[in-house]
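S.K.: Let me give you the structure first, and then I'll get to my questions.
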Amino acid sequence: MRVLKLTTNVLVAAFLLTACDKLGAYNYWQAGDFKPDIADLSYGDDPRQKLDLYLPDVAVQPAPLLIWFYGGSWDSGDKAKYAFVAKRFTELGYAVAIPDYRLVPDVHFPAFIEDSASAIAFMKGYAKNHRTQIKPGPIMLAGHSAGAYNAVQVVADPVYLRDVGLDSDDIAGIIGLSGPYDFHPYDVSATQIAFGDTPASKSQPVEMDLSAMPPLLLITGNRDHTVFPRNSRRLAELAPNAKLVEIEETGHAGTLISLGFYLTTNNAVLGPVSEFLGQHLPSS
């Protein structure tokens with residue numbers, strides 16, 4: 001049975017990494033017609049600066065808030081294709097916000113981190129004004145790949161939260177799946193285009209003063225050849241309160257699809273995620 005599950009995960013991961021809109025098909029397979037309770041909330045003036053908000057069952061509202069940042073090499077992504085992620089976390093009792101953010105080549109670093117900060121600040125204010133839906137208080141951040149980078153870097157460099165009137169105390173914790181945190185020099189086209197000649201001291205989470213970082217859960221697949229596991233290992237070594245989980249026989253997309261519901265669910269990912277949430281932002 002375990003071999004079958006691993007084989008299925010590998011096949012689905014390969015499916016996601018090829019051709020055109022495979023993620024959209026996967027999302028529909030996993031989430032069906034699951035839709036946001038409130039779509040296209042604007043957190044800025046740009047058409048990309050919008051987010052979708054999903055709420056758990058009314059019986060468990062008000063709910064703590066989790067913000068999910070998707071990946072896509074900072075040059076692609078669509079919040080509507082991550083309804084399966086929202087479904088997973090709302091079933092765990094969380095309100096889930098999924099923002100779009102400005103993309104390369106229209107913008108470059110640090111615009112997508114600034115957008116991440118703006119989305120967090122917007123949802124902080126939204127929670128204060130909608131207390132029957134969302135519990136005011138610290139927010140959990142989570143993301144996959146480039147989105148995991150956004151979630152970490154927006155806190156690791158305090159300038160971004162400070163510019164929107166927040167600080168690290170507003171963040172309950174960060175869940176990073178297969179994230180790049182130590183990738184200078186920029187040796188692939190995606191990072192070269194997104195970061196240009198930005199020095200490591202400005203772009204790399206591992207180069208930041210991490211003493212004020214909230215708790216981190218860093219999950220990586222030991223067969224990730226897109227964002228090598230050393231990124232998570234290095235950040236876990238440097239951050240003061242970080243838990244590192246390495247998933248066997250898992251590649252880059254495998255940690256993401258582990259959040260799915262049919263055939264791809266992986267308790268090696270879901271278990272640590274649920275435990276981390278329960279420790280740092282319990283839903284009840």
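The values are calculated or read from the model by the stated rules, or taken from the named source; none is laboratory data. Predicted, not measured: the structure shown is a model, and the values here were computed from it. All Cβ positions, glycine included, derive from the backbone under ideal geometry; neighbour counts span all protein chains shown.
S.K.: Regarding residue 149, is this residue more than 26 Å from residue 56 (Cβ to Cβ) and assigned to a loop (DSSP other than H, G, I, E, B)?
M.R.: no
S.K.: Would you confirm whether any residue within the range 248-257 is of a type in the set (S, T, N, Q) and free of Cβ contacts under 8 Å to residues at least 12 places away in the same chain? First the steps, then the outcome.
M.R.: Initially, the range 248-257 is screened for residues of a type in the set (S, T, N, Q), giving 250, 255.
Then keep just the ones that are free of Cβ contacts under 8 Å to residues at least 12 places away in the same chain; that gives none.
No; the residues of the range 248-257 include none that is of a type in the set (S, T, N, Q) and free of Cβ contacts under 8 Å to residues at least 12 places away in the same chain.
S.K.: Between residues in the range 107-129 that are on the phi > 0 side of the Ramachandran plot and free of Cβ contacts under 8 Å to residues at least 40 places away in the same chain and residues that are of a type in the set (Phe, Trp, Tyr) and crowded, with 18+ Cβ neighbours inside 10 Å, which pairs lie under 8 Å by C-beta distance while being six or more apart or on different chains?
M.R.: Every condition considered, no pair remains.
S.K.: Same structure, new question: Return a yes/no flag: does the range 233-247 have any residue that is under 19 Å from residue 66 (Cα atoms), crowded, with 21+ Cβ neighbours inside 10 Å and in contact with a Pro (Cβ under 7 Å, 6 or more places away or on another chain).
M.R.: no
S.K.: Okay, moving on. Within the range 258-284, track down each residue that is farther than 27 Å from residue 62 by Cβ and without any contact (Cβ under 8 Å) to a residue 40 or more places away in the chain.
M.R.: Passing the criteria: 265, 267, 268.
S.K.: Please find, among 13, 83, 95, the residue that is over 30 Å from residue 202 (Cβ atoms) and at pLDDT below 95.
M.R.: Answer to the check: 13.
S.K.: Are any residues in the range 103-136 among the charged types (D, E, K, R) and more than 19 Å from the chain's Cα centre (by Cα), and if so, which ones?
M.R.: 106, 128, 131, 135
S.K.: In addition: So residue 59 passes all but one of these: (1) more than 11 Å from residue 90 (Cα to Cα); (2) in contact (Cβ under 8 Å) with a residue 12 or more places away in the chain. Which condition number does it fail?
M.R.: Of everything listed in (1) more than 11 Å from residue 90 (Cα to Cα); (2) in contact (Cβ under 8 Å) with a residue 12 or more places away in the chain, residue 59 misses just condition (2).
S.K.: Okay, moving on. May I ask you to list the residues in the range 202-227 that are within 19 Å of residue 256 (Cβ to Cβ) and surrounded by fewer than 18 Cβ atoms within 10 Å (Cβ to Cβ)?
M.R.: From the range 202-227, those within 19 Å of residue 256 (Cβ to Cβ) are 216-227; that's our starting set.
Once the filter is applied, which keeps residues that are within 19 Å of residue 256 (Cβ to Cβ) and surrounded by fewer than 18 Cβ atoms within 10 Å (Cβ to Cβ), the range 202-227 yields 222, 223, 225, 226.
S.K.: Count, please, the residues in the range 44-66 that happen to be within 16 Å of residue 278 (Cα to Cα) and not in a loop (DSSP other than H, G, I, E, B).
M.R.: 4
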